[in-house]
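Enquirer: Have a look at the structure that comes next, please.
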Amino acid sequence: MEFTIKPIFNNSLEATLQNKINTKTKPVGALGVLETVALQIGMIQNTDQPSLNQSTILVFAGDHGIAQKREVNLYPQEVTAQMVYNFINEGAAINVFCKQHQIALKIVDAGVNHDFENTSGIIHAKIDYGTQNYQEKPAMTIAQCNEAIQKGADLVADTFNNGCNTIGFGEMGIGNTSAASLLMSYFTEIPIAECVGSGTGLDTSAIKIKQKILSEVYQTHTPSSPLDALTTFGGFEIAMITGAILKAAELKMTIIIDGFIVTSALLAAHAMHQNVLDYCIFAHTSEEQGHQKMYEFLDKKPLINLGMRLGEGTGAAVAYPIIESAVAFLNTMASFESAGVSGNN
């Protein structure tokens, strides 16, 4: 599928926004990154009075074929489905933070190896009951990957049509740091060993095994395009997030990028359409070792670094109040003129 993503480029509006920021009752630049975020959101929304409307996080869950062998993952594959039930029952960290910051939360079955057919509180978008093991064959077919991208895009379009203009993404899937590492290596050309981390808590010896296995996987396949790489190494949840990011950018939504897995989906989206980065705010740095290298490749800096490595969209949710603060100061802070305060001119 094709996406039309325009760069956020408007010299006149940028000048208006920068002047508005600079004439607030503060020294120029004194609010640091908040000023950068305010400018970006104004440019995305094409206004000098931006707003965050019905902000939402979509958490996509999917299983990975390689996880069944328990060679690269500390926890068994069944934990994916168990955690989805935890999301539905509002017991996970992402539930806590979304409730705290009044962010709407939607849980999506992208491809969990479990039947949620009669379960409420979940969006049923299953492509299959987990991917294939990429040690043996590509994780999915091209048709499945395209279907996942389309479903991710459709879910974002539905969310947008219900009034949302600010969106973040989370994920759940035992084994998905392995898929993300493979995608990272493909898109950044960084050696796979430097992309592989501890995931949910592997020790040093287990990480070395994981590096060896994924290096062998990487050498087995030769993807010929970004879509082919996503098909070969990805998960259904990662492919859906890729489509979701592309659609959100097309709709000129503000996109809050979470951690290592979501950023791997962004790498795929970026390879398909470079303008997507204009719409992205980077929430946090994951403790997964490859995440900082992803930022270096994209030439981006995150808002926070709290040593988090949970996934679920938790970094996006925790960083959200910073984004709120950026919009709030832009819209409501007094200017030197309105406050009757002498400027420096």
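Enquirer: Kindly indicate which of GLY170, GLY163 is in a strand (DSSP E or B), closer than 20 Å to ILE256 by Cβ and not aromatic (Phe, Trp, Tyr).
Expert: Checking each option against the conditions leaves just GLY170.
Enquirer: From the list LEU266, LEU251, LEU303, which residue is touching a residue at least 12 places away in the same chain (Cβ under 8 Å) and open to solvent by less than 10 Å² (accessible area, probe 1.4 Å)?
Expert: LEU266
Table: residues versus (1) open to solvent by 50 Å² or more (accessible area, probe 1.4 Å); (2) in contact with a strand residue (DSSP E or B) (Cβ under 9 Å, 6 or more places away or on another chain); (3) free of Cβ contacts under 8 Å to residues at least 24 places away in the same chain; (4) of a type outside the set (Lys, Arg).
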| position | (1), (2), (3), (4) |
| --- | --- |
| ILE255 | no, yes, no, yes |
| TYR279 | no, yes, no, yes |
| GLY290 | no, no, no, yes |
| LEU298 | no, yes, no, yes |
| THR314 | no, yes, no, yes |
| VAL327 | no, no, no, yes |
| ASN331 | yes, no, no, yes |
| ALA334 | no, yes, no, yes |
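Enquirer: Can you confirm whether GLU189 is open to solvent by 10 Å² or more (accessible area, probe 1.4 Å) and either more than 22 Å from ILE57 (Cα to Cα) or over 16 Å from the mean Cα position of the chain (by Cα) (or both)?
Expert: Yes, satisfied.
Enquirer: Filter the range 80-102 down to the residues that are free of Cβ contacts under 8 Å to residues at least 24 places away in the same chain and open to solvent by less than 40 Å² (accessible area, probe 1.4 Å) and list them by number.
Expert: Answer for the range 80-102, where residues must be free of Cβ contacts under 8 Å to residues at least 24 places away in the same chain and open to solvent by less than 40 Å² (accessible area, probe 1.4 Å): just ASN95.
Enquirer: Further, regarding this structure: Which one is nearest to VAL84 (Cα to Cα) among residues in the range 103-130 that are surrounded by 16 or more Cβ atoms within 10 Å (Cβ to Cβ) and out of contact with any Lys or Arg (no Cβ under 9 Å at 6 or more places or on another chain)?
Expert: Step by step, filter the range 103-130, then rank; the result is ILE107.
Enquirer: Something else: Quick one: in the range 26-47, of everything that is open to solvent by 50 Å² or more (accessible area, probe 1.4 Å) and closer than 19 Å to SER338 by Cβ, which residue is nearest to the chain's Cα centre (by Cα)?
Expert: LEU31
Enquirer: Additional query: Can you tell me which of (1) of a type outside the set (Lys, Arg); (2) in contact (Cβ under 8 Å) with a residue 12 or more places away in the chain; (3) in contact with a Gly (Cβ under 9 Å, 6 or more places away or on another chain) is the one PHE116 doesn't meet?
Expert: Condition (3) is where PHE116 drops out.
Enquirer: Of all helices (runs of 4 or more DSSP H) completely enclosed by the range 175-240, which ones contain at least 1 residues that are among the small types (Gly, Ala, Ser) and closer than 17 Å to GLU288 by Cβ?
Expert: 176-188, 192-195, 204-220
Enquirer: Determine which member of the set ASN331, ASN275 is more than 28 Å from GLU189 (Cβ to Cβ), assigned to a helix (DSSP H, G or I), of a type in the set (S, T, N, Q) and more than 14 Å from the chain's Cα centre (by Cα).
Expert: ASN331
Enquirer: Looking only at residues in the range 63-111 that are part of a loop (DSSP other than H, G, I, E, B) and in contact with a strand residue (DSSP E or B) (Cβ under 8 Å, 6 or more places away or on another chain), which one is farthest from GLY199 (Cα to Cα)?
Expert: The selected residue is ILE103.
Enquirer: While we're here: Can you tell me which of (1) touching a Phe, Trp or Tyr at 6+ places or on another chain (Cβ under 6 Å); (2) of a type in the set (A, V, I, L, M); (3) closer than 21 Å to VAL108 by Cα is the one ALA268 doesn't meet?
Expert: Every condition holds for ALA268 apart from (1).
Yes or no, residue by residue, for (1) aliphatic (A, V, I, L, M); (2) modelled with pLDDT of 95 or more; (3) open to solvent by 30 Å² or more (accessible area, probe 1.4 Å):
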residue: GLN132; (1), (2), (3): no, yes, yes
residue: GLN144; (1), (2), (3): no, yes, yes
residue: GLU171; (1), (2), (3): no, yes, no
residue: LEU183; (1), (2), (3): yes, yes, no
residue: GLY199; (1), (2), (3): no, no, no
residue: PRO226; (1), (2), (3): no, yes, yes
residue: GLY234; (1), (2), (3): no, yes, no
residue: ILE238; (1), (2), (3): yes, yes, no
residue: ALA244; (1), (2), (3): yes, yes, no
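The values are calculated or read from the model by the stated rules, or taken from the named source; none is laboratory data. Keep in mind that this is a model prediction, so the values were computed, not measured. Here the Cβ is made from the backbone with ideal geometry for all residues, glycine too, and neighbour counts use every protein chain on show. Only protein heavy atoms, including side chains, enter the accessible area calculation; ligands, DNA and RNA are left aside. Shrake-Rupley method; radii C 1.70, N 1.55, O 1.52, S 1.80 Å.
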